[in-house]
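Mind looking over this structure? Questions follow.
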Protein chains: 2
Amino acid sequence: MIERILILGTGLLGTSTGLALRAAGFTGSITGWDKDPRQSEAALALKAIDTVALNPLDAARKCKLILLSGPVYSILDWMEQLSGVLTAAQLVTDVGSTKTLITEAGNRLFNQPNRAGFLPGHPMAGREVSGAASAEAALFQDAVWIFTSMPDHGTLSFQAGELAASWRHWVEAIGCRTLDLDAARHDELVAWVSHLPQFLSTALTALLQTEVGDAPELTAVGGRALREMTRLGSSPYSMWRDVAYTNTEAIAAAIAALEQRLAHLRENLRTPELRDEFDLANRFRKS
Amino acid sequence: MIERILILGTGLLGTSTGLALRAAGFTGSITGWDKDPRQSEAALALKAIDTVALNPLDAARKCKLILLSGPVYSILDWMEQLSGVLTAAQLVTDVGSTKTLITEAGNRLFNQPNRAGFLPGHPMAGREVSGAASAEAALFQDAVWIFTSMPDHGTLSFQAGELAASWRHWVEAIGCRTLDLDAARHDELVAWVSHLPQFLSTALTALLQTEVGDAPELTAVGGRALREMTRLGSSPYSMWRDVAYTNTEAIAAAIAALEQRLAHLRENLRTPELRDEFDLANRFRKS
């Protein structure tokens, strides 16, 4: 049913989606575009897309489904530009990391009479490295791909609704479990399970750079535990700046809670309370 | 030169050492003992040891090299018990996580005229799961095995010195790079690169258990980043209690520094300072 897909933003996630669709048997056309031509050329070379669009808005008019991939503000920019040029027979969807602003914009700019549909999405998959060159067809295997809505949601046209059903089918075909969440609940949840781990790893890694970074022969001592806990320290600011800006309150609350927890543990290094912390942590890992 | 080895404590590290020695071609005898007979039986079944000692002190008298493996206080207990029963032709070494107390005890109880030698050691390898059943011959591959000393060090007898040289050879044979450090410097360094990551992961994981632990279907959303950052949350209290007790000051200082770093990041989620934190973290990962 979806014959032509346009991927706007052929970085890590956009290019991986193209590769995954091909691996899952998608035979329609996949056009791509990126503001950095090296990214779209790399996606083309990997056969994640079969054409690089010359003009992204012209290409969007000709595709049934437009996938927006990139930092949250770049997705919001695309939404503004696309809302006036599409028809009710088209669907726009995205892979943005935070969903309140995007879902609200989707209902305001799309999902209205005679407008294209918008289905807000967020695959819980990624890597600490960005760019088409790091893309993998298997990136989404066993991941959860979340779709979000808001109480004041607009309405998908019949055609856009069919396209949305078809896109959900493809998301499952590339290895994901889908989950529907309220957009605000999504942002609160990912603050705990995705944003907190990221900002924590950035803080730890920046601290280690300050404290022991001048002695790489000593950091080599750390082994697997250190490598794992600092892996996300490689994550690009360009991506996470938009997350920090668009989910500030929930992230700040999660970080503040962790600061308190660390202080509690620090004050109890020699008391039986330390056992309680290990017990709680052990229990999380077993569930 | 080392014909008989006794491993006191056949948990994860003790049993892995036996397996690694066999894989590297050690053909002498390896006797093992553990206060939990299930651990020594498991080590025997895995062929990490070829005999279970009936009486550990009797067995120690008959072995050239005694390897102490387990929580730090269990190693200190063994050192007290062994110091009176061994001769200058024997060497005791260990795999304990903190080294100031053990190195001091080694120089006081051993490394004296007519006493056995003591070589404090610490392989920077481990897993979040304990016990002989989790042992792996490859655990030490590419790890750093640290040996420590103190300014007031005692003296190894000629025979113990030869055994120490031979043990260092075997440590390299099982895949490690050896590194010699002052004991106090070791404890300060591992507070940053090993203990901080562990206590941080415990605090994060305990926090997540409190905040979202009642909804495992939602924690599944987290993906690889969450799994990695909480893996060490499975680590056993029994092991880390001794680390917390024997390196309290350095660990507390490292945790306090991280609390400050997190507060700084939290206060700058919407300022350009956030970029500096990502830049520092990126730099650590590239070095």
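None of the figures in this text is laboratory data; all of them are computed from the coordinates on show. Quick caveat, the model's predicted, so the values are computed rather than measured. When we count neighbours, we look across all protein chains shown, and the Cβ atoms used for this are built from the backbone with ideal geometry, even at glycine.
Put +1 on the Cβ of each Lys and Arg and -1 on the Cβ of each Asp and Glu in chain B; which of B:12, B:70, B:263 then has its Cα farthest toward the positive end of the dipole?
The listed residue farthest towards the positive side: B:12.
Taking Cα atoms, how many degrees apart are the long axis of helix A:158-173 and the longest axis of chain A, rounded to 10 and kept between 0 and 90?
Taking Cα atoms only, the helix is inclined about 50 degrees.
State the number of lysine pairs found in the protein assembly as shown whose Cα atoms come within less than 26 Å, restricting to pairs 8 or more positions apart or on distinct chains.
Here the count comes out as 14.
Using only Cα atoms and rounding to the nearest 10 degrees, what angle (0 to 90) does helix B:12-23 make with the longest principal axis of chain B?
With rounding to tens, the tilt is 60 degrees.
Distances longer than 31 Å among the Cα atoms of the protein assembly as shown: what percent of all pairs is that?
Values: 89762 of 164451 pairs.
Of all Cα-Cα pairs in the protein assembly as shown, 55 percent lie more than 31 Å apart.
Something else: Beyond 20 Å, what share of the Cα-Cα pairs of the stretch A:186-286 remains, rounded to the nearest whole percent?
Considering the stretch A:186-286, 51 percent of its Cα-Cα pairs are separated by more than 20 Å.
Rounded to the nearest 20 Debye, what is the dipole magnitude of the protein assembly as shown about its Cα centre when Lys and Arg each give +1 and Asp and Glu each give -1 at the C-beta?
Using Cβ point charges on Lys, Arg, Asp and Glu, the protein assembly as shown gives about 1080 debye.
Would you tell me the mean number of C-beta atoms belonging to other protein chains that fall within 10 Å of each C-beta in A:171-179, as a whole number?
1
Would you mind giving the three semi-axes, in whole Å and largest first, of the ellipsoid equivalent to the stretch A:4-181 according to its Cα gyration tensor?
Gyration-tensor ellipsoid for the stretch A:4-181: 23, 18, 15 Å.
Continuing with the same structure: Sum -39500 (n - 2.57) across every DSSP H segment of at least 4 residues in chain A, then divide by the residue count to get the 222 nm mean residue ellipticity, nearest 500.
One gets -15500 deg cm²/dmol as the mean residue ellipticity at 222 nm.
For chain B, what does the relative contact order come out to in percent, with C-alpha contacts under 8 Å and a separation of six or more?
Details: 492 pairs, mean separation 50.5, N = 287.
In percent, rounded to a whole number, it is 18.
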